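Report on the following structure.
Bear in mind these aren't lab numbers, they're just calculated from the coordinates by the rules spelled out. All figures in this text were calculated on a predicted structure; none of them were measured in a lab. Heads up, the Cβs are rebuilt from the backbone with ideal geometry, glycines too, and the neighbour counts pull from every protein chain shown.
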Amino acid sequence: MTGETRVGVVGAGIIGLAVARRLAGPGVEVTVLDKEATVGSHQTGHNSGVAHAGLYYPRDSLKARLCRRGIGLLKDYCADRGIPYVECGKTVVAVTEEEVPRLRDIEERARHNGVPGLRRLSPEEIREHEPHIRGVAGLHSPSTAIVDFVAVTRAYAEDVVAAGGTLLLGTPVTSITRDGDVVHVVAGDRRHTFDRLVVCAGLQSDRVARLAGDDEGPAIVPFRGEYLTMRPDRAHLVNGLVYPVPDPRYPFLGVHFTRRVDGTVDIGPNAVLSTAREGYRRSDLVVRDLAETLAWPGFRRLARQHWRMGVTEMRGSLSRRAFVAGARRYLPELTAADVDGRHAGVRAQALDRDGTLVDDFRISRLGPVTAVRNAPSPAATSSLAIAEHLCEGLL
Ligand SMILES: Cc1cc2nc3c(=O)[nH]c(=O)nc-3n(C[C@H](O)[C@H](O)[C@H](O)COP(=O)(O)OP(=O)(O)OC[C@H]3O[C@@H](n4cnc5c(N)ncnc54)[C@H](O)[C@@H]3O)c2cc1C
């Protein structure tokens, strides 16, 4: 392509801004459009803040490749920009003998993915890292880190503007029309014409992609993840990150203990079907969101298969005691009095029409429009690598 290329990016979350900063520069005019007033308002601003080292992801998946590359790029970027990035390490803990074979599977995957410094832990060695945590076996990843992804996203936004790009916040995209080689986009009260459009709309990614004529599926099903915050005087019970052995049937990692860069320790997130895509409280309900979830054929299949798990998660959501009891399997001295604050994030989980939870990152291309259709965890960790991958051959 010759001359000035006009690129539109929908979404000022960590993925949209990583893509925008990669493209902005001489000969490329980048405009980022977001409906919210600030960057990183949704998933990017409501996550666990963990830079994942790449333990879990299936061999040769995009997640495995882009997470490993992404964490290295992220660490260097944070060093360059003076953003706190703390390698506090992660301990994955098996609490029963039945979980040990699955822990070994994770170790094998992690070694295949090239995760550095892994160490198997005996119960005594678990206590060397985490004196209050109990388990029958553990796996330690020293390079797993914590970071403030909103600070990273703000820095990406600064890079975009410094490279001559434009950030239009409070600007919802309501219409996308492909017209030969170009795309017309109505956003706020203006009509833009772009040579390329990249959709990174997170919880709305299926709707925005459909506006551009992309396939109906996968649909986004929102899963709220609730966290309880440990009282500051009890935060010393956890040093770094403590994770369960995940259930391979689900794409979520399970309730974990997460130390944040500000020193607080959170317990969570669980995974409860959300009745609003951007609903951070249990009481939030958007009728259109719920109706679309229930009407999606894939959701009905998923619900029939996994209703038991849904009931368990719902119980933990409704009862602090039940939530704490789950966490107590790892930290026996934890009581309901040790937690006070509560907050939540909502995951955009893509679900195929046949009820398959889409596990890997998924990106679709339709003429001049590229749409990120699934970018769940570890997409924040992988953002710079996802941007490299997505931008290959884009212009
Ligand atoms: C509870 C939870 C815990 C997580 N923990 C981790 C973790 O520890 N480590 C990790 O690597 N990842 C984690 N993730 C995943 C990570 O947060 C996401 O993968 C990442 O933030 C996705 O970024 P995004 O830019 O695609 O989406 P978002 O951050 O959701 O951004 C999408 C943007 O699109 C905008 N938008 C939507 N529709 C429109 C429209 N019509 N017009 C204009 N703008 C629009 C939205 O306003 C939003 O700003 C977690 C996620 C959750 C929810």
key: Peptide ranges 249-255, 50-56, 210-216, 70-76 listed from the most packed, as the mean C-beta count within 10 angstrom indicates   = 50-56, 70-76, 249-255, 210-216
task = Choose one of 5, 248, 33: the residue whose Cα lies farthest towards the positive end of the charge dipole of the chain (beta-carbon charges +1 Lys, Arg; -1 Asp, Glu; about the Cα centre).
result = 248
query = How much length is gained if the chain between residue 81 and residue 282 is pulled fully straight, taking 0.36 nm per residue apart and subtracting their Cα-Cα distance, in nm to one decimal?
reply = 68.7 nm
task = Working from the alpha-carbon coordinates of region 1-120, get Rg over Rh, Rh being the Kirkwood radius.
result = 1.08
task = Throw me the Rg/Rh for region 181-251, computed over C-alpha atoms with Kirkwood Rh, two decimals.
result = 1.22
task = Report the extension gain between residue 321 and residue 181 in nm, rounded to one decimal, defined as 0.36 nm multiplied by the number of residues separating them, less their alpha carbon distance.
result = 44.7 nm
message = For region 248-395, place one equal point scatterer on every Cα, skip the solvent, and apply the Debye formula. What is log10 of I(q)/I(0) at q = 0.09, 0.15, 0.21 Å⁻¹?
response = -0.37, -0.97, -1.46
query = Under a plain spin-label model, where a point goes 7 Å from the Cα along Cα-to-Cβ, how far apart in nm are residue 336 and residue 166?
reply = 5.5 nm
note = In the chain, taking the dipole from +1 charges on Lys and Arg beta carbons and -1 charges on Asp and Glu beta carbons about the Cα centre, the listed residue (70, 293, 173) farthest towards the positive end is 293
task = With r as the distance between the Cβ atoms of residue 247 and residue 300 and R0 = 35 Å, compute the FRET efficiency 1/(1 + (r/R0)^6) and round to 0.05.
result = 0.95
task = Measure out, as a whole number of angstrom, how far apart the alpha-carbon centroids of region 255-315 and region 76-107 sit.
result = 23 Å
inquiry  = Give me the net charge for the shell around residue 155: Cβ to Cβ below 13 angstrom, other residues only, Lys and Arg +1, Asp and Glu -1.
reply    = -2
remark   = From the Cα centre of region 327-380 to that of region 21-59, the distance in Å is 15 Å
Two-decimal Rg to Rh for the chain - Kirkwood Rh, Cα set = 0.97
query = What nm distance separates the two modelled labels at residue 216 and residue 231, each placed 7 Å from Cα along Cα→Cβ?
reply = 5.3 nm
key: region 90-144 pair-distance distribution - Cα-Cα, 5 Å bins, rounded %   = 5, 22, 32, 24, 14, 3, 0
message = Test of understanding: ordering 257, 323 by Cβ neighbours within 10 Å, fewest first, what list do you get?
response = 323, 257
ask   = Tell me, what is the FRET efficiency for residue 112 and residue 395 to the nearest 0.05, using R0 = 35 angstrom and their Cβ-Cβ distance as r?
value = 0.55
